[in-house]
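Working notes, beginning with the structure itself.
Each reported figure results from applying straightforward, stated rules to the coordinates on display, with no laboratory input. For clarity, every value in this text was computed on a predicted model and none was experimentally measured. As a convention, Cβ positions derive from the backbone with ideal geometry for all residues, glycine included, and neighbour counts pool all protein chains shown.
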Amino acid sequence: MLDAEKFYTGISQGNMDEVRRLTQEALDRGETAETILQEGLLPAMDRVGVQFKNNEIYIPEVLIASRAMTAGTGILKPILSKSNGPKAAKIIMGTVKGDLHDIGKNLVLMLMEGSGFDVVDLGVDVSTEKFIEAIKQHQPQVVGMSALLTTTMQEIKNTLDTIQEQGLRKQTKVIIGGAPVTEQYAKKIGADGFASDAASAVDCVKGLLGMR
Ligand code: B1M
């Protein structure tokens with residue numbers, strides 16, 4: 001059994017060493033990386049998010065909490081992204097312009113990598129120009145865009161429209177996600193796929209590429 005409260009305490013206090021220790025200890029006890037993520041790390045970050053929303057804590061606290069969260073996911077990364085099979089297809093992904101949130105995007109990429117995809121991480125605050133340049137350079141089968149702010153969601157549409165205008169949609173499917181993004185929005189702007197979490201993102205990409 002995972003002690004979710006301990007994960008919460010470690011993350012909310014920004015205690016990277018403690019979160020690393022709890023994560024490693026859970027793995028050593030035989031918990032799976034997925035369980036540690038779903039029952040330990042993610043609920044803790046959700047609680048931090050609620051406090052942030054309620055103005056009980058502020059950006060510096062959220063920042064140290066996200067660093068502690070990343071310390072935990074860093075231990076899980078080699079497991080979540082381990083794949084023995086041949087690389088399935090190339091996917092490039094970034095957080096859109098003006099948006100610095102990357103924890104969710106990084107989780108999506110870890111699971112994509114673990115499912116055998118060849119992944120290219122474009123990072124955060126990725127402009128339309130950078131997405132276009134990367135599509136031309138890497139020739140991916142899938143482009144992923146993440147946005148965590150209602151104010152940056154529009155950047156998904158701007159980039160999608162430019163990909164379309166430049167005739168790059170024929171070779172590339174586009175999947176979008178992030179907390180404020182919905183399936184309805186994806187349909188409205190003409191994205192090929194939407195996913196609400198990292199595991200669904202992998203399923204969605206497999207579906208788009210006819211792999212399941
Ligand atoms: Co920010 N922030 N933040 N923040 N932050 C939110 C998003 C917010 C909801 C908090 C709140 O008010 N409750 C709010 C947005 C409100 C809105 O627009 N509706 C908010 C705000 C307002 C801001 C600032 C504007 C605050 C300010 O400056 N006044 C500022 C903006 C900075 C910027 O980006 N320009 C800001 C800053 C920050 C920090 C830097 C302090 C930090 C980010 C650190 C980092 O990422 N390295 C931060 C954090 C940590 C959060 C919360 C607390 C947690 C986000 C997170 O990592 N969640 C967040 C509150 C919340 O979401 N509960 C909040 C965990 C992560 C695993 O989930 O990212 O949703 P998520 O990813 C999921 C799915 O969405 C999906 O799969 C992932 C895994 O399951 N998914 C995809 C994500 N991308 C996908 C792509 C796909 C498919 C699925 O395909 C391509």
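Relative contact order of the chain: 16 percent, from C-alpha pairs under 8 Å at least 6 residues apart in sequence.
Sort 37-44, 92-99, 76-83 by the packing proxy (mean of other Cβ within 10 Å over each peptide's residues), most packed first.
Numbers: 37-44: 21.1, 92-99: 24.0, 76-83: 16.2.
Order by mean packing, descending: 92-99, 37-44, 76-83.
Taken about its Cα centre, the chain carries a charge dipole of roughly 740 debye when the Cβ of each Lys and Arg holds +1 and the Cβ of each Asp and Glu holds -1.
Using a Förster distance of 25 Å, how high is the FRET efficiency between Glu5 and Val120, based on the Cβ-Cβ distance and rounded to 0.05? Walk me through the numbers before you get to the answer.
Values: r = 38 Å, r/R0 = 1.50.
With a Förster radius of 25 Å, E is 0.10.
Placing pseudo-labels 7 Å out from each Cα toward the beta carbon at Glu129 and Glu56 gives an inter-label distance of 4.4 nm. Which links in Lys130/Lys157; Lys82/Lys206; Lys77/Lys157 stretch past 20 Å when you go from one Cα to the other? Violating the 20 Å Cα-Cα cut-off are Lys77/Lys157. Under 5 Å from the amide H of Val126 lie the amide H atoms of Thr95, Val96, Lys97, Gly98, Asp99, each residue being 5 or more positions distant or on a separate chain, with H modelled from the backbone and absent for Pro and chain starts. For Leu100 and Ser200, the difference between the fully extended length at 0.36 nm per residue and the C-alpha to C-alpha distance is 33.8 nm.
Once the other residues with Cβ under 12 Å from the Cβ of Lys173 are scored (Lys, Arg +1; Asp, Glu -1), what is the net sum? Please list the in-between numbers first.
Numbers: positive: Lys90, Arg169, Lys170, Lys206; negative: Asp192.
Once all neighbours under 12 Å are counted, the net charge is +3.
Share of pairwise Cα-Cα distances greater than 20 Å in the chain is 58 percent (whole percent). GNM remark for the chain: springs join alpha carbons under 10 Å apart, and the peak mean-square fluctuation among Val143, Val50, Val119 falls on Val50. Running a GNM on the chain with Cα contacts under 10 Å, which residue among Gly116, Gly85, Gly74 ends up with the highest mean-square fluctuation? Residue with maximal mean-square fluctuation among Gly116, Gly85, Gly74: Gly85.
The alpha-carbon of Lys90 sits under 12 angstrom from the alpha-carbons of these aspartates and glutamates, leaving out residues fewer than 8 places away in its chain: Glu113, Asp118, Asp121. Be a star and scan region 116-148 for residues whose amide nitrogen sits under 16 Å from the point 7 Å along the Cα-to-Cβ vector of Asn158. Counting only backbone N, you get 124-133, 145-148.
Dipole check for region 148-212: with +1 at the C-beta of Lys and Arg, -1 at the C-beta of Asp and Glu, and the Cα centre as origin, the magnitude is about 220 Debye.
The packing ranking, built from the mean of other Cβ atoms within 10 Å per residue, places the peptides 105-112, 5-12 in the order 105-112, 5-12, highest first.
Sorted by packing (mean other beta-carbon atoms within 10 Å per residue), highest first, where do 25-34, 199-208 land?
Working: 25-34: 14.3, 199-208: 19.3.
In descending order of packing, they fall as 199-208, 25-34.
Take every Cα pair under 8 Å whose residues are at least 6 apart in sequence, average their separation, divide by the length of region 119-176, and the relative contact order is 45 percent. Helical content alone sets the calculated 222 nm signal of the chain at -16000 deg cm²/dmol, taking -39,500 (n - 2.57) per DSSP H segment of four or more residues and averaging over every residue.
A Förster distance of 41 Å, applied to the separation of the beta-carbon atoms of Arg169 and Thr32, puts the FRET efficiency at 0.65. Projected label points at Leu208 and Gln13, each 7 Å from Cα along the beta carbon direction, are separated by 4.2 nanometres.
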